[in-house]
Every structure is written in structure tokens, then in C-alpha cells.
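The values are calculated or read from the model by the stated rules, or taken from the named source; none is laboratory data. Keep in mind that this is a model prediction, so the values were computed, not measured. Here Cβ is always computed from backbone atoms with ideal geometry, including for glycine, and neighbour counts include all displayed protein chains. Just so you know, the surface numbers come from the protein's heavy atoms only, side chains and all, with ligands and any DNA or RNA stripped out. Shrake-Rupley method; radii C 1.70, N 1.55, O 1.52, S 1.80 Å.
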Amino acid sequence: MDFSAQIYKLTDHLFRRESGKMVAVLTKIFGAENLEMAEDVVQQSFIEAMNHWKLKGIPDNPSAWLYRVAKNKAIDVIRKNKYSRAYDFTDPERKLLTSEYTLAPAMEEWWKEEWINDDMLRMMYACCHPGISVENQITLILKTICGFSTAEIAKTFLTSEDTISKRLYRTREYFRKEKLKLEIPSLNELKSRTDAVLHSIYLLFNEGYNSTQNADLIREDLIQDAMMMCKLLSENPHTQLPEVFALLALICFHSARSQSRLNVKGNIILLRDQDRSLWNRDLIAMGNDYMNKSIPTNETGKYEISTYHLESAIAYEHCVADSFQKTNWERIFDLYSWLEKIAPSSIVQLNKATALFQWKGADDALSNLAKSDTSGLESYYLYSALLGDIYAQKQMPQQAITYYQNAISLTHSMQEKNLLSSKIEDLEKLNH
């Protein structure tokens, strides 16, 4: 690798790791209404780093070098705009930025490492403000916290860069109009606001774990970003809620299997065929620890269980099974039945039927589906894929092939298409 390529790789890695922190600090300094300026300063800092390091070499502490450049650029912005109406310096925290005597010391204080994680946490709550749609919340998180480019976000959502730009513009306008404060909500709002943050993290993780919109089925970058954000919530005393630990446990349990889910050609390895010696036992132990921390009680001593608790418990059952055959499918079915009671959805019903299929067999699964409300599932590829598996087990190959073909038409994932095609080929071989 030549030196220029090495510099590019390093700055790209740093951008992923540091840009969210830098945007959070700069947004606190400039005000949420000037979010775009914060993003611009971060971008300029990385461009300067790339150009400078090509000539002078990589510094011993690249992150500290970037922070110093961003800090100096922020000081320049403050000096140029301290009389501008676009910047609100009436806030007690920002008054120190208007005097040359206190500007530099105040700026140093705001860039202290111990404050940066708190700023990131506050930024997450701002991104997930109830006035912003879930779609725009995820878009903003990917842009500001995860350091994704507009093109990468467009690819993730399978849409145009223009659409993503418009989403970001509308969200920044909302920040500007409402002059949102970067703060952890009050106790009265904390639960509902944290639910929104966790939902965004959950969706981000799901897209990383089983990407619907990307050529790569597993997006490790999204998985790591989701884990990082959830850990921030778990480490702050104000946001150490039971459901935070439960979601973190869920992420650990699922992430533990990442290395066994694809073969060397990038094709899917079904759970029954995965090499369980490749599962990350440290992550499973970590997930178990988070599960223990997630056990909640209210004042009456009764448990308050969230959907994340139940999904974590289901993932745990898979992780502790010695083999696919020894999986406690009865327990998994019961957990999905519980999940259906507190958060009913057609997807939960589908998953429950899948567990029943593994536990009791094809006829019971079909009977269960017949009694369930499957409206909306006709356009979901996993529904057709499950019916294909059921009819294959019932030794009805033509019906199975028809469902597999329908599933192929409903998924964008080449890995899913390849898996379904291989099932069709196996059935056709048996027929001949």
C-alpha cells in the first residue's frame, strides 16, 4: 500500500471513529441551530489532516491532532460570528466564548475527554427528538454520529442522494427553527425519549445484522455503531434503564454469531449448519452479564419486561444450545407468544410459526399460520420462504418451489436469492 493510500485509509477510519464526537462537541459550541456548520468544520478538519499528513507524515496521536485543528477552526468561527444573530451566545455556557480572555480556556474545557461521551449522548437524544420522523432520525444518526456520507446513507436506504439530502435539510431546518438543546431529558420525559433512541439503535443494528439494502448481508460498521451508542446509554447513570441493558444483550448475542453466518464465498450458512466453535463466547458472556443487569423491578417488586428483554432471551436460547437439534424450540415458541401479547405484529406471528415448525413440525406450523393474521406478510420474503420450507418437509416439492420462487422475487439480497435458489435446486434433484 502506497503512502497516499495509507493516509486515506487512516483518515477514513478516524472519520468513522471520531467525527460523531467532534460534531457533538461543535454542535454544543455553535448551538443545534448551526448543526451544518459543525459538520462543515469536521469535514474541513479531515481534509486538512489528509493534506498535511501527506506532506509531514502521520502524527503520533492523530485523534488529538484532529481535535486541535477542529478546536482552532471553531475559535475562528466564533470570532467571525460572535455578533451574528445566527449564533446565540446568551446561553450562560456560551457567554465565555464572546470574550478573548475566556474564549481559548472555555474551548479547551469543552474538548476535555471526560465530557465528550456525554455530548455524544446528548446528540443522540437531539437526533431522536419526537418532532423528527423515525426515518429522519435514522438518517441524521448515520450522518452526524456514524460519519456516513450522503451517498452511503442513500445506498443503505436504497434511495437517491437527492432524497437523503432533502431529509437532512428538513431535519437541520427543524433544529434551526426549534433551537433544540443538546441535553439528556428530564426524568418525566426520559423513558419515552429513551424509547425513541433505542428504537433507532435497534433499527440500525438490524440493518447491520441482516442488511436489506446493501450488497453485503452483514454490515459490521453498523453493528459496531449500534453497540457503541447503546454502550453510551448503559454507561451514563441517567440512562441506565433496564431496556438499555436488554438491547445491549441482544446486540451481543446476535453479534457473537457473525463469523459463522457466511461462507468464504459470502453465501448464507443456515443456523442448523453453522460452526458453533466460531461463535464468540466472550460476547455471549458479555450479553449474559448485560441480561442480568437488565432485570427490572418496579416499586411493587414485579418485573417490567420490554420487547428487548424477550428478544434477548430468544437470542440467548440459540447461543446456549449445543446444537441446532438441542435448541429449546418450545421455550422459544413460548417467548414469541409472550412477545406477541405485549407487542403484537405479523412479524412476531411469523417468527412464532417458525419456532413451532422446528418444535412440532409442518402441520402444526401451517395450522398456526391459518389461525394468525398474516395480512401484509404476502409481500415479505421470509413468509414465502417459511411456507417453502414447510411444504418441502411435507414432501410437496412443486408447492415448495412456487413459494421459494415468490420469496426470490421479494428480496433484494443476492445472498438470500442464492440460498433460496439452492433450495429449489435440491428439490428439483430429488424430483429427478
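One table, with the values for the structure above:
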{"read-out": "Three-way shape call for region 116-257 based on the alpha-carbon gyration tensor, with the a/c threshold at 1.5", "value": "oblate"}
{"read-out": "Cα principal axis extents for region 359-432, largest first, Å", "value": "33, 28, 20"}
{"read-out": "Relative contact order (%) - region 1-152, alpha-carbon pairs under 8 angstrom, separation at least six", "value": "34"}
{"read-out": "Relative contact order for the chain, counting Cα pairs under 8 Å that sit 6 or more residues apart, in percent", "value": "11"}
{"read-out": "Additional length obtainable on full extension of the chain from Thr90 to Ser186, 0.36 nm per residue less Cα span", "value": "32.3 nm"}
{"read-out": "Share of carbon and sulfur in the accessible heavy-atom surface of the chain [1.4 Å probe, %]", "value": "49"}
{"read-out": "Among 90-99, 110-119, the order from most to least packed when residues are scored by Cβ within 10 Å on average", "value": "110-119, 90-99"}
{"read-out": "Computed helical MRE - 222 nm, the chain, DSSP H runs ≥ 4 contributing -39500 (n - 2.57), nearest 500", "value": "-22500 deg cm²/dmol"}
{"read-out": "For region 292-432, average projected area of the Cα convex hull in nm²", "value": "10.4"}
{"read-out": "Interchain or long-range residues, amide H under 5 Å from Leu262's placed H", "value": "Ile269"}
{"read-out": "Cross-link pairs Lys360/Lys423; Lys265/Lys394; Lys155/Lys341 - those with Cα-Cα distance over 26 Å", "value": "Lys265/Lys394; Lys155/Lys341"}
{"read-out": "Phe148 long-range amide H proximity, modeled H, under 5 Å", "value": "Lys143"}
{"read-out": "Taking N as its residue count, the alpha carbon Rg of region 69-153 over 2.2 N^0.38 Å", "value": "1.29"}
{"read-out": "Segment Tyr8-Ser133, length gained on full extension (0.36 nm per residue, minus Cα span)", "value": "41.6 nm"}
{"read-out": "Relative contact order (%) - criterion: Cα under 8 Å, at least six apart; region: region 234-346", "value": "29"}
{"read-out": "Per residue solvent-accessible surface (Å²) - the chain, probe of 1.4 Å", "value": "50"}
{"read-out": "Listed candidates (1) 26.0; (2) 24.1; (3) 25.1 - label of the one calculated as Kirkwood radius over Cα pairs in Å", "value": "(2)"}
{"read-out": "Accessible area of Leu350 in the full protein assembly, 1.4 Å probe (Å², nearest 10)", "value": "10"}
{"read-out": "FRET efficiency estimate (nearest 0.05) - Cβ-Cβ, Thr159 to Lys429, R0 51 angstrom", "value": "0.80"}
{"read-out": "GNM top mover of Thr102, Thr239, Thr307 - the chain, alpha-carbon springs below 10 Å", "value": "Thr102"}
{"read-out": "Counting all C-alpha pairs of region 1-159, share separated by more than 20 Å (%)", "value": "53"}
{"read-out": "Residue-wise HN-Hα coupling along region 240-253, computed from phi with Karplus coefficients 6.51, -1.76, 1.60 (Hz; x: Gly, Pro)", "value": "7, 8, x, 5, 5, 5, 5, 5, 4, 5, 4, 4, 4, 4"}
